[in-house]
Amino acid sequence: MARTAGKTLSEAAYATLRHDIISGRLAPDTRLRIEELREVYQTGASPLREALNRLAGEGFVTAEGQRGFSVAAISLKDLDEITHLRSLLEGEAIRAAIACGDDAWEANVVAAFHRLSKVDVRADVATWEARNQEFHEALIAACDSAWLLRLRHTLYEQHKRYRLISLQAADDRRDVHAEHSAIMNAVLARDAAAACRATAEHIARTAATTRAAFAKIHGHEH
């Protein structure tokens, strides 16, 4: 029973810390001192250490030997690598989903697209971001590879750290709704090549917007 309780506390600490890192509440390079985290998150040192080690394994936290932990830094080089890998894995997951998906999967894709299209990102960033993630996850939900989905999810969350920066610099020349529509239509047509191409273009445009926002915020490349 005690082990179950400990696991629950560790899971809660992991989920909360992960959210705060991705959302930017814990800024890049922030030192993560256990005693301070205990105060903020009202939990014990052991669950926090377990959560931090897990996050370090996923690249959200940097372990610094005897110095403890820090929030992982962000850089344009890192953004480019994450973008490239996410595009590859997202494409593979979409190919697998198209091969395995049934009518119910198609219906869920359409429903997720509809829910996303009803939200204006400028009016409600949080809701738009949640529905954007729902849409992208609906597209790959029929993928039958647990490993591919797991790795793709980690990269998606890493990319989200940067994507939230891009939302601060909306590009009026960009039609994200049309980009999502192109992906959905290709998926529903079971055209894997077109779906992968539309997805890669969509991810690349987001990265370009993020690069511009990053340069504006930091003034130079890291």
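Coordinate-derived values only; no laboratory data. Quick caveat: nothing in here was measured; it's all calculated off a predicted structure. Methodologically, a virtual Cβ is constructed for each residue, glycine included, from the backbone with ideal geometry; neighbour enumeration extends over all protein chains shown.
Full extension of the segment from Ala189 to Ala99, taken as 0.36 nm per residue of separation minus the current Cα-Cα distance, would add 31.2 nm. Return one number: the angle in degrees, 0 to 90 and rounded to the nearest 10, between the long axis of the Cα atoms of helix 45-58 and the longest principal axis of the Cα atoms of the chain. Tilt of helix 45-58: around 40 degrees.
In terms of Cα atoms, the Rg and Dmax of the chain work out to 18.7, 56 Å.
Straight Cα distances below 14 angstrom link Lys216 to the aspartates and glutamates Asp171, with same-chain residues fewer than 8 positions distant left out. Rounded to the nearest 10 degrees, the angle from helix 125-140 to the longest Cα principal axis of the chain is 60 degrees. Computed across the range 1-114, the Kirkwood hydrodynamic radius from all distinct Cα-Cα pairs reaches 16.6 Å. Neighbours of Lys118 by Cβ distance under 13 Å: Lys/Arg scored +1, Asp/Glu scored -1, total -1. For the chain, averaging the sequence separation of C-alpha pairs within contact (under 8 Å, six or more residues apart) and dividing by the residue count gives a relative contact order of 22 percent. For GluC sites (Glu not before Pro), the sites in the range 62-117 that DSSP calls loop and that have at most 13 other Cβ atoms within 10 Å are Glu64.
Debye-formula intensities of the range 76-147, expressed as log10 I(q)/I(0) at q = 0.23, 0.26 Å⁻¹, are -1.00, -1.06 (one equal scatterer per alpha-carbon, no solvent). Within the straight-line cut-off of under 13 Å between alpha carbons, the aspartates and glutamates reachable from Lys77 are Glu221, sequence neighbours fewer than 8 places apart in one chain being disregarded.
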